[in-house]
Amino acid sequence: MEIEGCPIPEDRLYDLELRAWAQRSDADGTWAVGVLAPFASFIGPVDKVTHRPLAPTIERGRSLAMVESVRFTGAIRTPVSGAVVAQNSELASHPRWLNDDPYGRGWIAKVRPPGEAPPPAGLETAQAVGPRLADWIRRERIRCWPQTPDFQMVEIGVECAAILTQLNDELARRPAGTAVLLVTDEPTSPIEMERWSDQTGHSVLAARRDEALYTFLVRKEERPRPRVPRRG
């Protein structure tokens with residue numbers, strides 16, 4: 001399901017206070033732990049993830065790892081008490097997985113509660129946390145995107161032709177995989193951006209409208225495949 005445009009999978013439980021999720025494995029009884037997608041969007045592009053040493057016992061609310069981004073430095077805290085039996089060491093070299101795939105490759109650690117304990121206290125279903133999570137997302141003006149933007153272009157009062165020229169120039173200087181958040185008030189931009197993607201082979205990952213503003217998330221592809229000839 002989605003809440004205010006942010007994905008909240010229904011196959012796991014959530015601790016809204018800690019901005020964390022937990023998912024139990026029937027195979028070994030461990031709980032995989034990670035962060036909510038809205039929280040990952042809120043902290044911005046992650047530059048560094050540093051795990052705490054493996055602990056034989058850790059209580060709910062204690063730190064599993066430290067995360068650093070341009071606008072946030074803080075702890076990722078466990079919603080499950082128990083022994084930390086595994087850590088996602090790949091986050092050290094791929095910290096952006098926490099932003100771009102928080103429910104998959106961006107998992108933080110796995111915790112094994114003692115014995116056959118019931119679901120840890122404080123964990124709730126996606127449906128249960130939905131209204132409170134929606135309030136938090138709106139209050140903090142969080143926007144979730146399928147890929148975390150590397151930079152933003154705000155082009156107000158500029159014609160589409162000039163915007164696309166600037167966008168092409170920016171992408172030419174950037175490596176493949178770069179994601180750009182483009183904000184414009186040009187009313188023809190939805191049509192022009194679709195045409196631009198067809199002509200260049202680069203992707204428009206998401207498009208939104210907020211009153212008079214249009215926002216597009218575009219990605220530079222490593223091997224762009226235009227679908228129609230470029231004009232001119």
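Quick note: the coordinates plus some simple rules give every number you see, no bench work behind them. All values derive from a computational prediction rather than experimental measurement. Neighbour counts are summed over all protein chains in view; Cβ atoms, including those assigned to glycine, are modelled from backbone coordinates with ideal geometry.
About its Cα centre, what dipole magnitude does the chain give when the only charges are +1 on Lys and Arg Cβ and -1 on Asp and Glu Cβ, stated in debye to the nearest 20?
Computed about the Cα centre, the dipole is about 480 debye.
For segment 21-28, just list the computed ³J(HN,Hα) in residue order, Karplus coefficients 6.51, -1.76 and 1.60, θ = phi - 60°, integers in Hz, with x standing in for Gly and Pro.
Karplus-based 3J(HN,Hα) across segment 21-28 equals 10, 9, 9, 7, 9, 5, 5, 10 Hz.
To the nearest 10 degrees, how steeply does helix 189-200 sit against the main Cα axis of the chain, on a 0 to 90 scale?
90
Please name whichever of Thr165, Ala179, Gln199 sits farthest to the positive end of the charge dipole of segment 151-219, dipole taken about the Cα centre and charges placed at Cβ: Lys and Arg +1, Asp and Glu -1.
The one lying farthest along the dipole's positive direction is Ala179.
Could you check the spin-label model distance between Thr165 and Arg139? Points 7 Å from the Cα along Cα→Cβ, value in nm.
Once both label points are built, they end up 4.6 nm from each other.
Tell me, which cysteines of the chain are without a disulfide-compatible partner by the Cβ under 4.7 Å rule?
Cys160
Nearest 5 is fine: what % of DSSP beta bridges in the chain come out antiparallel, could you say? Don't jump to the answer; show the numbers that get you there.
Numbers: 42 of 47 bridges.
Antiparallel: roughly 90 percent of the beta bridges in the chain.
Dipole magnitude of segment 2-140 about its Cα centre, charges +1 at Lys/Arg Cβ and -1 at Asp/Glu Cβ only, in debye to the nearest 20? Walk me through the numbers on the way to the answer.
Numbers: 16 positive and 18 negative charges, 89 e Å.
My answer is approximately 420 debye.
Karplus couplings for segment 143-155 from phi (6.51 cos²θ - 1.76 cosθ + 1.60, θ = phi - 60°), rounded to Hz, Gly and Pro as x?
10, 8, 10, x, 9, 5, x, 7, 7, 10, 10, 10, 10
Output ³J(HN,Hα) for segment 132-141: one whole-Hz value per residue in order, computed from phi by the Karplus curve 6.51 cos²θ - 1.76 cosθ + 1.60 with θ = phi - 60°, and x for Gly and Pro.
The phi angles translate into 5, 5, 4, 4, 5, 4, 5, 4, 8, 6 Hz.
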